[in-house]
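The structure appears right after this line, and notes come after that.
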Amino acid sequence: MTKEYKTITEISGPLIFLEKTEPVGYGELVHINLPDGTTKRGQVLDTSSDVVAVQVFEGTGGLNEESGVVFSGETIKLPVSKDMLGRILSGAGEPLDGGPRIVPEDRIDVNGASMNPYSRMPPEDFIQTGISTIDGTNTLVRGQKLPIFSGSGLPHNEIALQIARQSKVPGSTEDFAVVFAAMGITNEEAQYFMEDFEKTGALERAVVFLNLADDPAVERIITPRMALTAAEYLAYEHDMHVLVILTDITNYCEALRQMGAAREEVPGRRGYPGYMYTDLASLYERAGVIKGRKGSVTQFSILTMPGDDITHPIPDLSGYITEGQIVVSRELHMKGIYPPINVLPSLSRLMNSGIGDGKTRDDHKAVSDQMYAGYAEGRDLRGLVAIVGKEALSERDQKILEFADLFEDRFVRQGRDEDRSIEDTLQVGWDILSELPESLLTRIDNKYIEKYHPAHKSN
Amino acid sequence: MKGEIYRVAGPVVTIMGIKPKMYDVVHVGHEGLMGEVIRIEGDKATVQVYEDTSGIKPGEPVVNTGMSLSVELGPGLLESIYDGIQRPLKVLQEKMGDFIDRGVTANGLDRERVWEFKPTVSSGDSVTGGQTIGIVQETENIEHKIMVPPTVSGTIEEIKSGKFKVDETICVLAGGKELSMMQKWPVRMPRPVDKKFIPRRPLITGQRILDGLFPVAKGGTAAIPGPFGSGKTVTQQQLAKWSDTDIVVYIGCGERGNEMADVLNEFPELQDPKTGRPLMERTVLIANTSNMPVAAREASVYTGITIAEYYRDMGYDVSLMADSSSRWAEAMREISSRLEEMPGEEGYPAYLSARLSEFYERAGAVKSLSAEEGSITVIGAVSPPGGDFSEPVTQNTLRIVKVFWALDAKLAQRRHFPSIDWLTSYSLYTQGLADWFAENVAPDWVPLRDNAMDLLQQESELQEIVQLVGSDALPEDQQLVLEICRMLREYFLQQNAFHPVDTYCPFDKQYQLLKAISKYSDMAQAALESGIPMKDILSIESKDELAKVKFEEDFEGALNVVMEKMDKEFAALGGN
């Protein structure tokens, strides 16, 4: 087990190749002892009786043929314990906060195992984030994976933090934790997150994994897996409801591409590896709720779309795996609206199972659909107004045009600390809908109009 | 024969020391992980392994089963939920808990369950491959026919009757060949049929835009491509729920776990509109989610279609939904790239097109070996990257399938569901099915539909003008066209899959709805010609009331009330 090999024959990018080893297991954890006394870690990517390929997490700088390689005989495992809460760890799971090593209650394979679809509980518990564009029109539920699709320079971090701060299941007092994994974000961004966690006391119930922009790219491939392993442990062994924030998926995919290139693989679209879908799925799919267990893992990842292009392979493949997406819009941001969430391309696939009577309110879906329809039409009309002028519009169309403005100004816009309850959100919805003639509210059942429409309610 | 592992690289394992045939199933490593031989080179062979290979080392043993990847066919398939290689997920959960471990085998059919077998042949009869020798009541409404395996024939020496387990002998042929209720069939080989027909009956789905505008025939093929969030999965699930076939095989291929959980939860509770029994009783589910091993994903599609063929051979109409064929193609690409094969377009293997057509070719309306008429309708979802239909999987699929239901993200964003674009979708079955519609729906159904399609086409042209000059600038008759089309879109094409009544729309109701819109159109046209101002025609109240009749339990009653009112209102306008 502890045999040290000095048979490196080739070093290429993050990879090293060795010969004449005893049989080595695929995916095994590897320790590499450098001549200067430092140790690096790696993982077996390809193993045969003749040659073994290892990817080195901390990069191959300083490695030479004199370096010794020790195979651990096991796959990469994360020591886990409830004491992880409040700790800051590196992207590879080592303490960064000066505290002691984690005393493990268990050691778990970071790759996780796929959940048997038969054991899954369909997610249906409403999570209130306090943000109207999410709660009202793209509702998040426990066990969902809902990423934020954003662009460079947009306030996605603030939105993520606001969600982490405010998220709760109304009327529930169950244990709640946040697992935060930074992948290749800048030191400054990381500090911004940490400061907020400390200020709000959120750190006490958080586990933080930091792989920063200047940390080795290869390590990024392990970081989210570490975080999700910790999350699963807290959720399924300690009955906690865990919100996992992964940022930034784009950096993760870049690392994946870098590795693929180093391995001289046949590239897929835009040079990303052909298995990127499967690889991303192995992260995203680790959200969920299991029948008969109390905890849950909910994922909220941040993804910056290169060039704001939603058809870029990273957002595209993500969108096919995740249960919807929250799209941050540059246009709204330029208008000075916070949070600049464009509800039209946004979607929560699990919304229908998390809302309605007994969960949020009976009129929720109707109100949401009506606002969607009105806002979509209003935005189309803006294009028309640019050509023919507002006067050329019929009275009905003018009303809808105004509605789109109201929607952005009152429903979308809210304060950075404004925590709207679902009742508040729906109230704002009704307030702006009541500016439209009642005959235009075709998607709302009459019984809800009588029950909630301000004009009827006051009677 | 025993051999050993030479190399492990993810799901691709190279073995040596045994001489397997192509597509033989082998067990690799100490844990006996299941895999399939996909390349032979000298004394080495390459195996795609259906389970995670972490920790597997060179030198570990390999055992060849000598059999190609097969499924078990027999009573007990219905109501089952399998992974990609026909392991029942429920049994896996019992054996290894909530997470899928590896190295666990599980029989596709329950060996303990006892079935009542009633023979339909007697000793002395001679039987040929595919012939029915007896029946088993598999579920309340499905009679499972026990057939002689296609490759077997002979004279019956002994035939039993009574209660048996699937692997017990129920029939002995002269020469000692024993038959049980279960047979195995290699998934990559289509089951033989007597002959194939041109499909002439429509698949009724209860979805207005599908049945009405772009019908698929029983035994036909259809593709649903669309970007994410455009409603592919909901459409597929609607088809699985409401299609008027006897058997439904639903393959969740590389899709979301939570979605599969939803299906698994919902199907047992839903009722078959035809029989009132739980839908699950006619359904076989195959769930291989995106994070389950990629090689098993590649196999899942074949597992599904083989099960479908088996029921087709009994004379049933089967519909098969594959969600999504793109994930299947990606699994092929992933394995191909690990084999370091020369890539074709966008990294997909050069045989992508061949594999896709082989798969869709297994659909069809047939006369089976036992002279029964059955069919398989294949409906494949396609997930084109970036919603770009020019990518290889969509293009290769379109070359094969006869029906194209194009999902559109723009429609989805304005909550127009099902968001099937009526301008780009097509069905090549409309002509072939015209006679059926004339006979079984109404003689004027086809002209009604053609007229609606024509109007919608006109609308898209008119919309371009409206975008430039506004709708008020159009002549009145064209404004009327726009209004009729709005009604067609909102009252007829839009359908709410989550509404208890609207989720399923019988053909008769579709006809009456379309007829009602057409009636308004005719009356409005006449009124316009007799000089009544457009404003008055548009302000007809009953026209707007028509919007809600599709949601009514008592559809006919509600429609009658609205139509009577419409007659009165038009009469009140004068003119005609």
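Quick notes on this one:
- Extreme residue, nearest to the other protein chains (Cβ to nearest Cβ), among residues of segment A:357-376 that are surrounded by fewer than 18 Cβ atoms within 10 Å (Cβ to Cβ) and among the acidic types (Asp, Glu): A:Asp369
- Residue match in segment A:116-127 (condition: in contact with a His (Cβ under 9 Å, 6 or more places away or on another chain), within 14 Å of chain B (Cβ to nearest Cβ) and either modelled with pLDDT under 90 or under 21 Å from A:Leu280 (Cα atoms) (or both)): no
- Among residues of segment B:364-406 being in a strand (DSSP E or B) and β-branched (Val, Ile, Thr), the one that is nearest to A:Ile321 (Cα to Cα) is B:Val382.
- Residue list for segment A:319-335, filter: part of a helix (DSSP H, G or I) and within 9 Å of another protein chain (Cβ to nearest Cβ): A:Gly319, A:Tyr320, A:Ile321
- No other residue among B:Glu340, B:Glu298, B:Glu346, B:Glu334 is within 14 Å of another protein chain (Cβ to nearest Cβ) and not in a helix (DSSP H, G or I) apart from B:Glu340.
- Single residue of segment B:463-485 satisfying the filter (away from chain A (no Cβ under 11 Å) and among the charged types (D, E, K, R)) that is farthest from B:Thr205 (Cα to Cα): B:Glu476
- Restricting segment A:9-48 to residues that are assigned to a strand (DSSP E or B) and loosely packed, with under 15 Cβ neighbours inside 10 Å, the residue that is farthest from the other protein chains (Cβ to nearest Cβ): A:Thr39
- Of the candidates B:Ile379, B:Ile400, the single residue that is closer than 30 Å to A:Gly274 by Cβ, away from every other protein chain (no Cβ under 14 Å) and open to solvent by less than 10 Å² (accessible area, probe 1.4 Å) is B:Ile379.
- Residues that are assigned to a strand (DSSP E or B) and touching a helix residue (DSSP H, G or I) at 6+ places or on another chain (Cβ under 7 Å) are absent from segment B:230-238 altogether.
- Which numbered condition B:Lys535 misses (of (1) over 21 Å from B:Gln478 (Cα atoms); (2) open to solvent by 50 Å² or more (accessible area, probe 1.4 Å); (3) assigned to a helix (DSSP H, G or I); (4) within 14 Å of chain A (Cβ to nearest Cβ)): (1)
- Among the residues making up segment B:161-214, those that are touching a Gly at 6+ places or on another chain (Cβ under 8 Å), open to solvent by 60 Å² or more (accessible area, probe 1.4 Å) and assigned to a strand (DSSP E or B) are B:Lys196, B:Phe197.
- Within the option set B:Glu79, B:Glu60, being open to solvent by 10 Å² or more (accessible area, probe 1.4 Å), within 26 Å of the chain's Cα centre (by Cα) and acidic (Asp, Glu) holds for one residue only, B:Glu79.
- Taken across segment A:93-108, residues that are within 14 Å of chain B (Cβ to nearest Cβ) and in contact with a helix residue (DSSP H, G or I) (Cβ under 6 Å, 6 or more places away or on another chain) do occur, with at least one present.
- Residues in segment A:247-273 that are more than 18 Å from B:Asn291 (Cα to Cα) and open to solvent by less than 30 Å² (accessible area, probe 1.4 Å): A:Thr247, A:Asp248, A:Thr250, A:Ala255, A:Met259, A:Gly260, A:Ala262, A:Gly268, A:Tyr272.
- Search result, residues across segment A:274-311 that are within 9 Å of another protein chain (Cβ to nearest Cβ), closer than 24 Å to B:Glu345 by Cα and open to solvent by 10 Å² or more (accessible area, probe 1.4 Å): A:Gly274, A:Tyr275, A:Thr278, A:Asp309, A:Ile310, A:Thr311
- Among the conditions (1) within 14 Å of chain B (Cβ to nearest Cβ); (2) at pLDDT 90 or above; (3) in a strand (DSSP E or B), the only one that A:Val70 does not satisfy is (1).
- Residue match in segment A:96-103 (condition: touching a Ser or Thr at 6+ places or on another chain (Cβ under 6 Å), surrounded by 15 or more Cβ atoms within 10 Å (Cβ to Cβ) and not assigned by TED's automatic domain parsing to the domain that holds A:Ala231): no
- Qualifying residue in segment B:207-218 (condition: under 26 Å from A:Leu347 (Cβ atoms) and basic (Lys, Arg)): yes
- Near pairs, Cβ below 9 angstrom, 6+ apart or cross-chain, from segment A:328-348 (among the charged types (D, E, K, R)) to any residue that is open to solvent by less than 10 Å² (accessible area, probe 1.4 Å): A:Arg330/A:Gly151; A:Arg330/A:Pro340; A:Glu331/A:Pro340; A:Lys335/A:Glu408
- In the set (1) more than 8 Å from every other protein chain (Cβ to nearest Cβ); (2) among the charged types (D, E, K, R); (3) closer than 20 Å to A:Met183 by Cα; (4) without any contact (Cβ under 8 Å) to a residue 12 or more places away in the chain, the condition left unmet by A:Asp316 is number (1).
- Taking each residue of segment A:1-26 that is farther than 14 Å from A:Leu45 by Cβ and looking for partners that are among the small types (Gly, Ala, Ser) with beta-carbon atoms closer than 6 Å, six or more apart or interchain, yields A:Met1/A:Gly73; A:Glu4/A:Gly68; A:Lys6/A:Gly68; A:Pro23/B:Gly59.
- Exactly one residue out of A:Asn157, A:Asn138 is assigned to a loop (DSSP other than H, G, I, E, B) and touching a residue at least 60 places away in the same chain (Cβ under 8 Å): that is A:Asn138.
- Every condition in (1) buried (at least 16 other Cβ atoms within 10 Å of the Cβ); (2) under 27 Å from A:Ile355 (Cβ atoms) holds for A:Pro170 except the one numbered (1).
- Here B:Glu157 passes the criteria (1) in a loop (DSSP other than H, G, I, E, B); (2) surrounded by fewer than 16 Cβ atoms within 10 Å (Cβ to Cβ) except the one numbered (1).
- Among the residues listed as A:Ser132, A:Ser150, A:Ser119, the single one being among the hydroxyl-bearing types (Ser, Thr, Tyr) and over 22 Å from the mean Cα position of the chain (by Cα): A:Ser119
- Where B:Leu92 falls short, out of the listed (1) open to solvent by less than 10 Å² (accessible area, probe 1.4 Å); (2) in contact (Cβ under 8 Å) with a residue 40 or more places away in the chain: (2)
- Every condition in (1) in contact (Cβ under 8 Å) with a residue 12 or more places away in the chain; (2) assigned to a helix (DSSP H, G or I) is met by A:Glu198 except one, and the failing one is (1).
- Going through (1) free of Cβ contacts under 8 Å to residues at least 60 places away in the same chain; (2) of a type outside the set (A, V, I, L, M, F, W, C); (3) over 20 Å from B:Lys184 (Cβ atoms); (4) surrounded by fewer than 19 Cβ atoms within 10 Å (Cβ to Cβ) one by one, B:Arg39 falls short only on (1).
The values are calculated or read from the model by the stated rules, or taken from the named source; none is laboratory data. It should be emphasised that the depicted structure is a prediction, and the values quoted were computed from it without experimental measurement. All Cβ positions, glycine included, derive from the backbone under ideal geometry; neighbour counts span all protein chains shown. For accessibility, only protein heavy atoms count, side chains too; no ligands or nucleic acids. Shrake-Rupley method; radii C 1.70, N 1.55, O 1.52, S 1.80 Å.
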